[in-house]
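Note sheet for the following structure.
The values are calculated or read from the model by the stated rules, or taken from the named source; none is laboratory data. If you're wondering where the values come from, they're calculated on a predicted model, not measured in any experiment. Here the Cβ positions follow ideal geometry from the backbone for every residue, glycine too, while neighbour counts run over all protein chains shown.
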Amino acid sequence: MSPVSPKSLSPADRAPIRVAMLGCGTVGSEVARLLTEQAGELAARAGAPVELVGIAVRRPDKHPELPAELLTDDAAALVARDDVDVVVELVGGIDPVRSWLLTALNAGKSVVTANKALLAEYSAELFEASDASGADLYFEAAVAGAIPLLRPLRESLAGDRITRVMGIVNGTTNYILSAMDATGAGYAETLDEASRLGYAEADPTADVDGYDAASKAAILASLAFHSRVTAKDVHREGIADVTASDLAAARTLGRTVKLLAICERVTADDGTESVSARVHPVMIPRSHQLAGVGGAFNAVYVEADAAGELMFYGQGAGGAPTASAVLGDLVAVARNQVLGGRGPRESAHAALPVRPMGQTPTRYHVSLDVADRAGVLAQVAQAFAAHGVSIAAVRQRDANDTASLVVVTHLAPDAALQSTVDEIAKLDVVHDVVSVMRVEGEDA
Ligand SMILES: NC(=O)c1ccc[n+]([C@@H]2O[C@H](COP(=O)([O-])OP(=O)(O)OC[C@H]3O[C@@H](n4cnc5c(N)ncnc54)[C@H](O)[C@@H]3O)[C@@H](O)[C@H]2O)c1
Ligand SMILES: N[C@@H](CCO)C(=O)O
Ligand code: NA
């Protein structure tokens, strides 16, 4: 018999790519299912069989549905095994996952992870380990679940200059804000309902306080602007302070409220460049593409010099959608191993500094209940002028001896806007500050 060259082997006859999976919960269980159900197709696409050789979970006895011989509660030992080529991490959190993934990468084992919290803090360290050993690091599932977003940023748009990434990257908060908008109910009441229906987790802190979105913003800004941006660099405000009055004020202006992650490349007057990354509630016109994104969906809008505007939309969470992104990464890793290639490495050459929130240009909407008498509007306008903030629009409605005043500003440094609002709140003629919120997008 003549010897068979490796190139002539069919995928099914090639040595398998051996995968250790850490975590088998919401996402992991779907990854395990798809790896089994689609084994033939995955082998054909990857160029070799993709074989699950071990699964680490906290409680193996709680998984009668999985082959007992694959299960272990010792993730560190599984990662270290000689018969593991790739580690798929679906546990979440920073420790002890960080050390498992460093061990894997240092040993030349490629990593696929959905762990935004870890990447937003330690991606530089993980990339260094992957560079040193030649292992791949893929993490499409970490931001916006099923939506192909990180691969477009890392690869498809690698030849362009991205100026802005803005979007809805947290499904839980989008569900709550959409429901508040639809029903007129308050935040606490709507959160209770979202928890009851299973849209909010038992501990919703990471979502409602914006930590989840801030981690994703850090990852997006790092990739889009070829710089290192960590979660600590991201200005973060959650939705706990968004009131029914804010939604009502937005409605009056033909707007709605969304929790947005906004990453921008900012050029100062002297030409120096920096990066701004922030997560906070924003009023956007109902005609804006992001306003129509309801429920638990995600959508991200990218602006690049040559490409223009791009929009990415789909399911940002859930077991099967997130598993889709994990499987895509796993096929990419397997292809690289079969063909001898490498995935994209860290690209942080621009090394742009992060601009503090106070210096970031934003626009505010301010709704006030004021005394309805001569000179009140002048006093309010004077407060804006004193801080160098230019007013774009003013609307007044009278009710008995009180007037409702709505002011929308032009762009100004966020700190100047904040100081203006603080000063206005102290004016005797201002009875109540009904709503203060940043705005994005032009009115139709
Ligand atoms: N659920 C989603 O919709 C979603 C979407 C995108 C990204 N993610 C990310 O995917 C990851 C997993 O999320 P999930 O929702 O599947 O979580 P989960 O809580 O449902 O599952 C976690 C799994 O990790 C295992 N685990 C925990 N500690 C362990 C330990 N010390 N040793 C071994 N196993 C351990 C648990 O047994 C469980 O199987 C997280 O990083 C999360 O942020 C989740
Ligand atoms: N908790 C996240 C899951 C996806 O990362 C969300 O609500 O969008
Ligand atoms: Na994604």
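Scanning segment 38-70 for residues that are more than 30 Å from SER10 (Cα to Cα), of a type outside the set (D, E, K, R) and near ligand 1 (Cβ under 10 Å from one of its atoms) yields ALA56, VAL57, PRO60, HIS63. Annotation: VAL366 fulfils all but one of (1) buried (at least 17 other Cβ atoms within 10 Å of the Cβ); (2) of a type outside the set (Asp, Glu); (3) more than 24 Å from ASN115 (Cβ to Cβ); (4) within 23 Å of the chain's Cα centre (by Cα); the unmet one is (4).
So which residues in segment 347-356 are surrounded by fewer than 19 Cβ atoms within 10 Å (Cβ to Cβ) and either touching a Ser or Thr at 6+ places or on another chain (Cβ under 7 Å) or under 16 Å from LEU52 (Cα atoms) (or both)? Within segment 347-356, ALA348, ALA350, ALA351, PRO353 meet the criteria. Residues satisfying the criterion are absent from segment 360-370 (criterion: over 24 Å from VAL234 (Cβ atoms), free of Cβ contacts under 8 Å to residues at least 60 places away in the same chain and touching a helix residue (DSSP H, G or I) at 6+ places or on another chain (Cβ under 8 Å)).
Scanning segment 76-107 for residues being of a type in the set (A, V, I, L, M), over 21 Å from SER324 (Cα atoms) and outside any helix (DSSP H, G or I) gives a total of 3. Among the criteria (1) surrounded by 24 or more Cβ atoms within 10 Å (Cβ to Cβ); (2) outside the structural domain of ARG98 (by TED's automatic domain parsing); (3) within 11 Å of ligand 2 (Cβ to nearest atom), the one LEU223 does not fulfil is (3).
Close Cβ contacts (under 8 Å, 6 or more residues apart or on different chains) running from residues in segment 124-135 that are assigned to a helix (DSSP H, G or I) to residues that are among the β-branched types (Val, Ile, Thr) comprise LEU126/VAL111; SER130/VAL111. Scan segment 155-166 and tell me whether some residue there is buried (at least 24 other Cβ atoms within 10 Å of the Cβ), in the same structural domain as ARG286 (by TED's automatic domain parsing) and within 12 Å of ligand 2 (Cβ to nearest atom). No, every residue in segment 155-166 fails to be buried (at least 24 other Cβ atoms within 10 Å of the Cβ), in the same structural domain as ARG286 (by TED's automatic domain parsing) and within 12 Å of ligand 2 (Cβ to nearest atom). Residues in segment 108-122 that are within 15 Å of ligand 3 (Cβ to nearest atom) and in a helix (DSSP H, G or I) were compared, and the one that is nearest to the chain's Cα centre (by Cα) is LYS116.
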